[in-house]
Amino acid sequence: MTSDLELYSYTFPNGFAWGTSTAAYQIEGGWVADGKGPNVWDTFTHQGGDRVFKNQTGDVACGSYTLWEEDLKCIKQLGLTHYRFSLSWSRLLPDGTTGFINQKGIDYYNKVIDDLLTKGITPMVTLYHFDMPQALEDQDGWRSEKIVGIFNEYAEFCFNTFGNRVKLWITINEPFVVAKFGYENGLHAPGIKEPGTGAYQTAHNMIKAHAKTWHTYHLLFKEKQHGSVSIALNADWSEPLDPTSVIDEKATERRLAFSLDWFAKPIFIDGDYPPLMKLCVAAKSKEQGYPSSRLPEFTKEEMQMIKGTADFFCLNYYTTRKIRHQEYAQAGPSFKADEEVEEIKDPSWPICGIEWLAVVPWGIRKLLKYVKDIYNDPIIYITENGFAQSDPASLEDTLRWEYFRQILLEILKGIYLDKVNVKGYFVWSLLDCFEWTEGYNKRFGLFHVDFNSSSLLRTAYTSASEYAKVVASNRLPAPENKLE
Ligand code: GBH
């Protein structure tokens with residue numbers, strides 16, 4: 001195994017995309033600047049109630065709305081080939097619809113895109129990263145079927161405005177997180193708690209919105225703009241707690257069906273949910289006395305419309321879990337949902353900076369192989385991967401860089417030993433930023449941001465200089481000690 005890799009001298013394929021990712025609400029600030037409309041995270045954070053660390057907000061964040069040029073310096077210092085960022089929907093369309101267009105918002109993103117292209121950096125643009133315009137949430141947001149057409153209209157506006165220069169589009173970031181955290185457990189904005197229904201209903205509309213948008217692009221823009229459109233799916237790798245247990249193995253299959261496959265199966269395969277998922281939800285719904293399954297169904301026409309609507313596969317990978325079967329009845333008040341599984345962190349896995357982030361580099365290789373095998377060997381971009389530090393963080397984050405190096409080594413194994421078609425890798429994140437419920441208390445950046453200084457000074461961590469070396473050479477330095 002090792003010698004195979006040595007053969008390739010740890011070099012990534014030609015033209016490999018090296019990037020970092022950010023999201024509008026997490027970095028921009030300027031929450032009411034120049035006519036921006038409020039979004040659900042503005043509302044959620046301003047409501048307080050200790051749902052976010054110290055009731056912090058994204059009002060200022062990294063100030064990227066005014067400090068874009070500082071971000072650009074960081075991007076250049078890393079020597080990136082690609083930069084992934086998201087558009088703030090309500091900065092462009094303050095009430096979410098094209099009824100009123102905010103030119104100042106267009107100007108801002110035009111500058112970002114043009115500056116990137118001038119420096120030879122390819123933009124990858126996410127249309128939606130958790131920040132629903134409040135005006136649309138007031139009409140039920142993702143819970144309403146109406147959002148499908150409205151999202152498509154927003155997307156069409158973006159393709160029209162930026163598509164002459166942006167060729168890599170992502171419709172929605174992590175629909176799983178939007179559904180579960182936004183509308184099931186309510187930990188994220190808009191804080192809706194509708195266990196058993198909210199997540200399914202919103203996921204259903206997100207899948208339709210994504211698919212409709214993909215068709216719009218392919219019908220109206222593809223021929224002229226030559227870009228491609230996908231969706232970014234987060235996935236923990238999952239393994240049976242007891243590898244010899246059929247029950248744990250089944251539970252692991254359910255865990256995958258209810259996470260990655262929930263979205264990937266309809267979009268990449270056949271327009272429909274995984275059979276296991278349909279079975280479980282139908283059975284539980286029946287037990288609970290519902291007249292039909294809580295999992296909505298796609299019509300035949302919708303399935304036709306949904307299948308095959310991604311031009312490449314975007315994976316956000318952070319961690320791995322061991323899985324065992326857990327009875328629904330024993331799940332307790334935290335409601336472990338229809339899949340009846342318990343997720344376990346192996347105590348031998350180190351945690352990096354944030355409680356949920358167990359470091360399991362080999363998990364990414366298994367996940368890549370799974371996606372290759374199940375989803376017909378697609379082109380894969382790893383659109384997010386990263387490790388956190390707790391605040392205050394050390395600029396010399398050598399251990400964190402070691403984790404990055406191990407991840408990159410596993411990706412190389414995926415590429416050369418498993419023949420997975422990985423085309424790019426994006427670190428989450430360029431900057432320390434607003435980490436949702438954790439506020440500024442967890443730092444995922446390659447650059448430290450001094451949130452106490454009015455200049456919001458950016459300073460490189462050791463990981464930034466190490467990453468820059470990898471990007472510049474397109475290869476991973478061989479470890480000083482021999483491989484495992
Ligand atoms: C990504 O989600 C997001 O796209 C990005 O915005 C974010 O900053 C980044 O991760 C780092 O977190 O609180 O124990 O219930 C990654 C998927 C799903 C991982 C929700 C954390 C919460 C675990 N995330 N999960 S817990």
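Those residues that are more than 16 Å from the ligand (Cβ to nearest atom) and open to solvent by less than 30 Å² (accessible area, probe 1.4 Å), I need them from the range 398-417; list them, please.
Scanning the range 398-417 gives TRP401, LEU408, LEU409, GLU410, ILE411, LEU412, LYS413, GLY414, ILE415.
Give ARG365, ARG321 a once-over and let me know the one that is within 15 Å of the ligand (Cβ to nearest atom), under 22 Å from VAL420 (Cβ atoms) and among the basic types (Lys, Arg).
The conditions single out ARG321.
Is it the case, given these coordinates, that GLN47 is away from the ligand (no atom under 15 Å from the Cβ) and at negative phi? Step through it out loud before you land on a result.
On the way: away from the ligand (no atom under 15 Å from the Cβ): yes; at negative phi: yes.
Judged against the criteria, GLN47 is a match.
Where in the range 158-250 are there strands (runs of 3 or more DSSP E), lying fully within it, with 3 or more residues that are closer than 21 Å to ALA23 by Cα? Break it down into steps so the answer makes sense when it comes.
Numbers: elements: 168-173, 228-234, 237-240.
Correct list: 168-173, 228-234.
Check SER230, SER245 and return the single one that is hydroxyl-bearing (Ser, Thr, Tyr) and crowded, with 20+ Cβ neighbours inside 10 Å.
Checking each option against the conditions leaves just SER230.
Taking the range 57-86 as the region of interest, how many residues are closer than 21 Å to ASP34 by Cα, surrounded by fewer than 24 Cβ atoms within 10 Å (Cβ to Cβ) and among the hydrophobic types (A, V, I, L, M, F, W, C)?
Final tally of qualifying residues: 3.
Every residue in the range 87-114 that is farther than 17 Å from ALA33 by Cα and buried (at least 17 other Cβ atoms within 10 Å of the Cβ), please.
Scanning the range 87-114 gives a single hit, ILE113.
Here are some residues: LEU220, LEU168. Which one is within 18 Å of the chain's Cα centre (by Cα), under 26 Å from ASP107 (Cα atoms) and either open to solvent by 30 Å² or more (accessible area, probe 1.4 Å) or more than 16 Å from the ligand (Cβ to nearest atom) (or both)?
The match here is LEU168.
Please name all residue pairs, on different chains or six or more residues apart, with Cβ atoms under 6 Å, provided the first residue is in the range 186-200 and is among the hydrophobic types (A, V, I, L, M, F, W, C) and the second residue is more than 12 Å from the ligand (Cβ to nearest atom).
Going by the 6 Å Cβ cut-off, the qualifying pairs are ALA189/VAL40; ALA189/PHE44; ILE192/TYR183; ILE192/GLY198; ALA199/TYR183.
Check the range 82-94 and report whether any residue there is basic (Lys, Arg), in a loop (DSSP other than H, G, I, E, B), within 23 Å of ASP138 (Cβ to Cβ) and in contact (Cβ under 8 Å) with a residue 12 or more places away in the chain.
no
Under 7 Å between Cβ atoms, at least 6 apart or on separate chains: pull out the pairs that start in the range 103-132 with a residue that is more than 17 Å from ASN160 (Cα to Cα) and end on any residue that is in a helix (DSSP H, G or I) and β-branched (Val, Ile, Thr).
Note: pairs meeting the criteria are ILE121/ILE75; PHE130/VAL178; ASP131/VAL40; MET132/VAL40.
Restricting attention to the range 347-358, and to residues there that are within 16 Å of the ligand (Cβ to nearest atom) and open to solvent by 10 Å² or more (accessible area, probe 1.4 Å), which single residue is nearest to GLU410 (Cα to Cα)?
Filtering first and then ranking leaves TRP349.
The values are calculated or read from the model by the stated rules, or taken from the named source; none is laboratory data. Since the structure is predicted, the reported quantities are computational estimates derived from the model, not experimental observations. Because the Cβ atoms are built from the backbone with ideal geometry, glycine has one as well, and the counts that use them run over all protein chains shown. Protein only, heavy atoms only, side chains kept; ligands, DNA and RNA dropped before computing areas. Shrake-Rupley method; radii C 1.70, N 1.55, O 1.52, S 1.80 Å.
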